[in-house]
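Below: the structure, in structure tokens.
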Amino acid sequence: MKRKIAIGIVAIAVAITAIALTGMWLDFCDMQSLKWEIQDEKLYEGFSWLANNTKEGETVLAWWDYADGIEKIGRRKVVIREASRNIKETIAGRQKYPWSWIEYELWYPYESEDKVRDVANFFIAENSNESMSIARKYGADYALVVYPYDIWKFPAIVLASGKEPDDYITGNFTIESIERREVVKKETVGIKMIYGDNIEGFEKVFDNRKMRIYKLK
């Protein structure tokens, strides 16, 4: 009798665990979906521009958040698709629910530390030759940024490079301070791209005042 009760308890525990894991998997898949890229008209316009104005097989260097839009809407390759373990605490989805970190530990396909660091160094470089060298290392033909999202993300980008965010950006993120460029401490290649500046070695080929795409010359 006791053995049957024990087996029943184990069976119930297994069923509850399976239901919980299924729910977590569905939630994780929802967070990884293309919803926000499709719902934002300007993002969708930029990704669609890639599909219609660049060559099949070309590669785009961008922060990992935009990889799905570049690949699935723009139909182009990316240098990085995900965050690295080193900056996992900057992934917004991990903080959605108390258990979200479990979902990310179970299923999130963390990117190579070296590749994420190199992409970060592309954006924080103060010399465009350094950025071009990194882009060419990974066969990138274009670089893509989003204003003002990438200003908000710049501390995470700097962290991924192994540097101190306070050396590059203030963190006092209001719309006014971002627009007036008051948040900027160092005029890096990434910062210049985010604000739509002209950059030596790059040609700005798309700009809808939100997404900006540069082509390596």
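Remarks
- Per-region count, segment 46-66, residues surrounded by fewer than 20 Cβ atoms within 10 Å (Cβ to Cβ) and within 12 Å of A143 (Cα to Cα): 2
- Residues of segment 67-115 that are modelled with pLDDT under 70 and among the basic types (K, R): R94, K96.
- Residue match in segment 120-130 (condition: surrounded by fewer than 23 Cβ atoms within 10 Å (Cβ to Cβ), of a type in the set (A, V, I, L, M, F, W, C), more than 17 Å from the chain's Cα centre (by Cα) and not in a loop (DSSP other than H, G, I, E, B)): no
- Selection over segment 157-178 of residues that are surrounded by 18 or more Cβ atoms within 10 Å (Cβ to Cβ) and either closer than 15 Å to F122 by Cα or in contact with a Cys (Cβ under 7 Å, 6 or more places away or on another chain) (or both) gives a count of 5.
- When S133 is tested against (1) over 30 Å from K185 (Cα atoms); (2) at pLDDT 95 or above; (3) surrounded by fewer than 20 Cβ atoms within 10 Å (Cβ to Cβ), only condition (1) is not met.
- Index of the failed condition, K163 passing every other in (1) over 21 Å from V79 (Cβ atoms); (2) part of a loop (DSSP other than H, G, I, E, B): (1)
- Yes/no for A51 being modelled with pLDDT under 95 and not β-branched (V, I, T): no
- Among the residues listed as A135, A156, the single one being touching a strand residue (DSSP E or B) at 6+ places or on another chain (Cβ under 6 Å) and either among the hydrophobic types (A, V, I, L, M, F, W, C) or in contact (Cβ under 8 Å) with a residue 40 or more places away in the chain (or both): A135
- Some residue of segment 181-196 being in a loop (DSSP other than H, G, I, E, B), touching a Pro at 6+ places or on another chain (Cβ under 9 Å) and not aliphatic (A, V, I, L, M): no
- Looking only at segment 141-153, and only at residues there that are out of contact with any Asp or Glu (no Cβ under 9 Å at 6 or more places or on another chain) and under 11 Å from F173 (Cα atoms), the one that is modelled with the lowest pLDDT: W152
- Residue within segment 203-211 that is without any contact (Cβ under 8 Å) to a residue 40 or more places away in the chain and in a helix (DSSP H, G or I) present: no
- Contact annotation: residue pairs with Cβ atoms under 7 Å, 6 or more positions apart or on different chains, pairing a residue in segment 69-84 that is among the aliphatic types (A, V, I, L, M) and part of a loop (DSSP other than H, G, I, E, B) with a partner that is buried (at least 18 other Cβ atoms within 10 Å of the Cβ) and at pLDDT below 95, are I80/W64; I80/A67; I80/E111; A83/W64; A83/I91; A83/E111.
The values are calculated or read from the model by the stated rules, or taken from the named source; none is laboratory data. Values in this document were obtained by computation on a predicted structure and should not be read as measured data. FYI the Cβ positions are ideal-geometry reconstructions off the backbone, even for glycines, and counts take in every protein chain you see.
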